[in-house]
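Colleague: So that we are looking at the same thing, I have put the structure below in structure tokens.
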Amino acid sequence: MIGDGWDDNPSIRPGPPDGASAPRRVAVVTGSRAEFGLLTPVMEAIDRHPELELRVIAAGSHLVSPALTFRDVKACFPIADSVPMQVAGRVGRFEDAEAVGRGVARFARAFAAIAPAWVVVLGDRIEAFAAAAAAAVGGWTLAHVHGGDRAEGVADESMRHAITKLAHLHLPASAASAERIVRMGEAPGFVRVVGSPAIDGLAEIPPMDDLAYAEVGSPETIVLLHPVGRSDEMEEAVAVEVLAAVGREGTLAFMPNLDPGRAGIVRAVAASGVRTIEHLPRAAFVGLLKRVARAGGVLVGNSSLALIEAAALRLRAVDVGPRQSGRERPGSVVHAERESREAVAGAIRAARSLDLSGLTHPFGDGRAGERVASSLAGIDPRNPGLTRKRCAY
């Protein structure tokens with residue numbers, strides 16, 4: 001586990017001191033329910049920091065029905081601006097390309113109005129990419145959380161690394177990701193391991209209570225399957241196999257994200273008869289995962305959640321197919337490379353028999369948010385060594 005990052009490693013040096021007056025305005029961009037959960041502790045730490053001033057921008061899939069998860073954002077933080085990108089009912093690679101174009105233009109206007117010292121994005125989704133492009137071209141200093149990860153099974157892999165090349169400050173979740181960023185030519189002095197904010201605050205969230213657990217069917221298996229950019233028909237065929245492997249009894253399936261291929265997974269879930277839910281707020285979702293872990297259950301699908309939060313919660317997980325290929329896999333995860341019901345069923349059996357008594361993970365100690373805030377407060381975003389991008393080798 002990560003303690004204080006790489007502060008004691010001479011290859012990753014602290015950034016330059018900052019003599020600028022406080023507070024420093026920070027625009028944090030959230031575009032989906034998944035990364036909002038990860039960004040929440042980062043936003044909270046920024047909001048608490050006496051030298052920083054938080055501005056939240058809700059974008060992308062937050063604003064698309066039926067979930068309309070911008071409500072979750074609004075319940076936690078004032079929203080400084082919103083950036084519509086996707087259009088309800090229009091899902092596909094071409095539609096995503098159009099959404100990126102709308103996002104770049106609209107983020108530029110938002111940043112011009114907010115005038116942030118820092119723009120913060122996380123991960124690899126199109127919302128983060130559009131915001132990063134607007135910030136880099138428009139002259140706003142960009143910090144990237146969770147860069148350097150590998151997720152070889154989807155197009156997001158290239159967007160994550162593209163954001164790395166646009167960003168000025170890098171705040172990766174693990175030492176391996178930090179090393180990857182440095183090998184991409186980024187200045188080591190502006191690469192700081194902070195851990196994954198997905199780990200922050202997990203210990204404080206109680207397990208779901210008996211009544212709420214019964215209302216969602218008291219599941220022992222959670223299915224969270226996202227598309228990987230294939231056709232609707234191909235995604236549907238894979239989802240049918242996965243759902244057949246887990247079975248109907250004791251299973252709760254969550255709806256996939258808005259990436260191309262979503263419609264096929266939705267059709268498979270609807271036809272399976274498995275109990276389904278569109279969305280739960282993060283605290284309720286984490287509480288549910290804790291109850292499933294307590295019951296000796298399994299998380300099945302292809303979300304990074306299986307590799308990060310589930311490991312911290314000691315929840316056994318089955319990672320299906322190529323979506324998370326290349327990521328660091330803790331000992332709580334069994335990989336089913338083939339997306340067949342036989343392979344997935346076998347992986348579930350193997351996961352249920354795992355001994356988690358010595359489980360560790362590389363994603364931090366639950367202090368990522370405060371490390372991000374400290375970095376944003378301690379590094380001058382106007383430092384020419386930071387803002388003048390150049391290859392470090």
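Colleague: Using R₀ = 22 Å, calculate the FRET efficiency as 1/(1 + (r/R₀)^6) where r is the Cβ-Cβ separation of Ala350 and Leu202; round to 0.05. Display every interim value, and only then the final one.
Modeller: On the way: r = 25 Å, r/R0 = 1.13.
The value I calculate is 0.35.
Colleague: Need one number for the chain: average projected area of the convex hull over its C-alpha atoms, nm².
Modeller: On the way: hull surface 71.0 nm².
Here the figure is 17.8 nm², rounded to one decimal.
Colleague: Cα axis of helix 232-246 to longest principal axis of the chain: angle in degrees, 0 to 90, nearest 10?
Modeller: 60
Colleague: So if I take the alpha carbon set of segment 154-289, get Rg, then get Rh from the Kirkwood formula, what is the Rg over Rh ratio?
Modeller: In segment 154-289, Rg relative to Rh is 1.07.
Colleague: If you wrap segment 31-165's Cα atoms in a convex hull and average its projection over all directions, what's the area in nm²? Spell out each step's value before the answer.
Modeller: Numbers: hull surface 31.7 nm².
Quarter of the Cα hull surface area: 7.9 nm².
Colleague: Sticking with this one: How would you rank Arg109, Arg192, going from fewest to most other Cβ atoms within 10 Å of each one's own Cβ? Walk me through the numbers on the way to the answer.
Modeller: Details: Arg109 13, Arg192 26.
Ranking Arg109, Arg192 by Cβ neighbours within 10 Å, fewest first, gives Arg109, Arg192.
Colleague: Treating only the Cβ of Lys, Arg, Asp and Glu as charged (+1, +1, -1, -1), what charge dipole size does segment 280-393 show about its Cα centre? Round to the nearest 20 debye.
Modeller: Numbers: 19 positive and 10 negative charges, 45 e Å.
Using Cβ point charges on Lys, Arg, Asp and Glu, segment 280-393 gives about 220 debye.
Colleague: Now a separate question. Quick one: angle between helix 93-114 and the longest Cα principal axis of the chain, in degrees between 0 and 90, rounded to 10, please.
Modeller: Tilt relative to the chain: about 40 degrees.
Colleague: Cα axis of helix 282-294 to longest principal axis of the chain: angle in degrees, 0 to 90, nearest 10?
Modeller: The angle comes out at about 50 degrees.
Colleague: Could you give the Stokes-Einstein D for segment 203-352 in µm² per second, using the C-alpha Kirkwood radius, 37 °C, 0.692 mPa s?
Modeller: On the way: Rh = 15.1 Å.
In µm²/s, the coefficient rounds to 218.
Colleague: On average over all directions, what projected area in square nanometres does segment 272-393 have, based on the convex hull of its Cα atoms? Walk me through the numbers on the way to the answer.
Modeller: Values: hull surface 46.4 nm².
Taking the Cα atoms of segment 272-393, their convex hull projects to 11.6 nm² on average.
Colleague: Rounded to the nearest 0.05, what FRET efficiency is calculated for Tyr393 and Ser65 with R0 set to 45 Å and r the Cβ-Cβ distance? Before the final figure, lay out each step's value.
Modeller: Values: r = 47 Å, r/R0 = 1.05.
Efficiency computed from Cβ-Cβ geometry: 0.45.
Colleague: Another question, then. Excluding residues on the same chain fewer than 8 positions from Lys165, give the lysines whose Cα lies under 25 Å from its Cα.
Modeller: Hits, sequence-local ones excluded: Lys389.
Colleague: With +1 on each Lys and Arg Cβ and -1 on each Asp and Glu Cβ, and nothing else charged, work out how big the dipole of the chain is about its Cα centre, in Debye to the nearest 20.
Modeller: That gives a dipole near 580 debye.
Colleague: Could I ask something else about it? Using a 7 Å offset from Cα along Cα-Cβ at Arg109, what residues in segment 39-83 end up with backbone N under 13 Å from the label point?
Modeller: Zone members listed by number: 81-83.
Here, each number is a calculation from the coordinates, and none is a lab measurement. The structure presented is a predicted model; accordingly, all values stated were derived computationally and were not measured. A quick note on method: Cβ atoms are made from the backbone with ideal geometry, for glycine too, and the neighbour counts reach across all protein chains shown.
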